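Right, one structure below, let's go through it.
The values are calculated or read from the model by the stated rules, or taken from the named source; none is laboratory data. Model, not experiment: these values are computed from the prediction. No Cβ is skipped: glycine too gets one built from the backbone with ideal geometry, and neighbour counts run over all protein chains shown. These accessible areas exclude ligands, DNA and RNA; they are computed on the full protein's heavy atoms, side chains included. Shrake-Rupley method; radii C 1.70, N 1.55, O 1.52, S 1.80 Å.
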Amino acid sequence: MESAALDFLKQLLETPSPSGFERPVQEIVRRYAAPFADKVTTDSHGNVIVALDPKTPHPTAALRLMFAGHCDQIGLLIQHIDSDGFLYAQTIGGWDPQVLIGQKMLIWAKGGPVSGIIARKPIHLLTDDERKQVVKLKDLWIDIGAKDKEDAAKLVKIGDPVTMDLGFRPMLNNMASATAMDDKCGLWVVIEAARRAAAKGLQCALYAVSTVQEEIGLRGATTSTFSVDPHVGIAVDVTHATDCPTIDKKSEGDIKLGGGPVIFRGPNMNPIVVERLMMLAEATGIPFQPAASGRATGTDANTMQISRGGVATGLVSIPNRYMHSPVEMISLDDIDRAADLLAAFACDLKPGDDFTP
Ligand SMILES: [Zn+2]
């Protein structure tokens, strides 16, 4: 992986983007895409659309291909400050409250990030009953060290978004860990794939979209797919790696970190898109892992497929251990290969290619 591309991933991971508060991360996307894109636009929902070869606003001759990677991450939203200056928050997206205990948090206030922590009373003080209980979000608070409500309210406002401490941790064997690998690594793949495809040359119009608000209902993919109006679309998101203890391969499939991108089959995927992805992976020597989903997936591929009169849709996923935790872990080789696979798919598309099943 080129160092500029790796820096781009680190910047995405170090920049906050809870759903609805994606502006800072979209600025990073626009800056990275500007040198190679023909046009970079941002719609009123906040999606950033990186377009290649849009000769007309809506080229009818060309096949339109859309890539979607969501830029938003799960977070919290400040909703109450009590008289002692402790903060209480709602969730943005799906949290396991257990992973919040003992975490360093950042409140993205107007004047800059405010450091906070989430904990609970020490083990010594927990009653036998309390030790056995599963913690609920309503029992957790954020401590910023404020003296009282007034002191806290000087910096923190109701509706300020919160993330865990952001960052990037390299690990053995070209693995890396960070909060919000979901889906900043998928976002990285779609933008980096567009950059690689632009360098190789395209015969289709390509729109790589950094979608917003996936974590609260696939909302940015809904709006952006409507406006791009693609013939073919590929969403890139994370999927559960099953190569760590306690996960049952019989029910969850056999997915390894470092085994290559995952290509999903099932009703949410157009069979011709799937065949092409697998064929191109084999032809270019990119290892991939097949996976099955019998339902509409919980990814941008879901709303993308049923936009307007229907879009021939694929889903390429990045294996991820410990999803929606502070220590999500992926393989950098997997994202590098996924970007190559998407670029190969884009460069292989020709006008007149038919994806009617
Ligand atoms: Zn995701």
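Evaluate the following for residue 46: is it under 23 Å from residue 313 (Cα atoms), at pLDDT 95 or above and either open to solvent by 50 Å² or more (accessible area, probe 1.4 Å) or not in a strand (DSSP E or B) (or both)?
Judged against the criteria, residue 46 is a match.
On the given criteria, is residue 192 of a type in the set (D, E, K, R), in contact with a Gly (Cβ under 9 Å, 6 or more places away or on another chain) and not in a strand (DSSP E or B)?
Numbers: of a type in the set (D, E, K, R): yes; in contact with a Gly (Cβ under 9 Å, 6 or more places away or on another chain): no; not in a strand (DSSP E or B): yes.
No: the conditions fail for residue 192.
Can you name every residue in the range 172-181 that is open to solvent by 10 Å² or more (accessible area, probe 1.4 Å) and in a helix (DSSP H, G or I)?
Once the filter is applied, which keeps residues that are open to solvent by 10 Å² or more (accessible area, probe 1.4 Å) and in a helix (DSSP H, G or I), the range 172-181 yields 172, 173, 174.
Every residue, every condition in (1) among the aliphatic types (A, V, I, L, M); (2) open to solvent by 70 Å² or more (accessible area, probe 1.4 Å); (3) at negative phi, yes or no:
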| site | (1), (2), (3) |
| --- | --- |
| 226 | no, yes, yes |
| 229 | no, no, no |
| 235 | yes, no, yes |
| 239 | no, no, yes |
| 244 | no, no, yes |
| 255 | yes, no, yes |
| 260 | no, no, no |
| 268 | no, no, yes |
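Go through 248, 160, 183, 151 for me and flag whichever is of a type outside the set (Gly, Ala, Ser) and at pLDDT below 95.
Answer to the check: 248.
Residues that are of a type in the set (Asp, Glu), assigned to a loop (DSSP other than H, G, I, E, B), in contact with a Ser or Thr (Cβ under 9 Å, 6 or more places away or on another chain) and modelled with pLDDT of 95 or more: does the range 202-214 have at least one? Working first, answer last.
Residues of the range 202-214 of a type in the set (Asp, Glu): 214.
Those left that are additionally assigned to a loop (DSSP other than H, G, I, E, B): 214.
When the remaining residues are screened for being in contact with a Ser or Thr (Cβ under 9 Å, 6 or more places away or on another chain), the result is 214.
Next, from what is left, pick out any that are modelled with pLDDT of 95 or more: 214.
Looking for residues that are of a type in the set (Asp, Glu), assigned to a loop (DSSP other than H, G, I, E, B), in contact with a Ser or Thr (Cβ under 9 Å, 6 or more places away or on another chain) and modelled with pLDDT of 95 or more, one finds at least one in the range 202-214, hence yes.
If the requirement is being open to solvent by less than 70 Å² (accessible area, probe 1.4 Å) and either in a strand (DSSP E or B) or over 30 Å from residue 3 (Cα atoms) (or both), which of these qualifies: 114, 134?
Working: 134 fails: open to solvent by less than 70 Å² (accessible area, probe 1.4 Å).
Every option except 114 fails the conditions.
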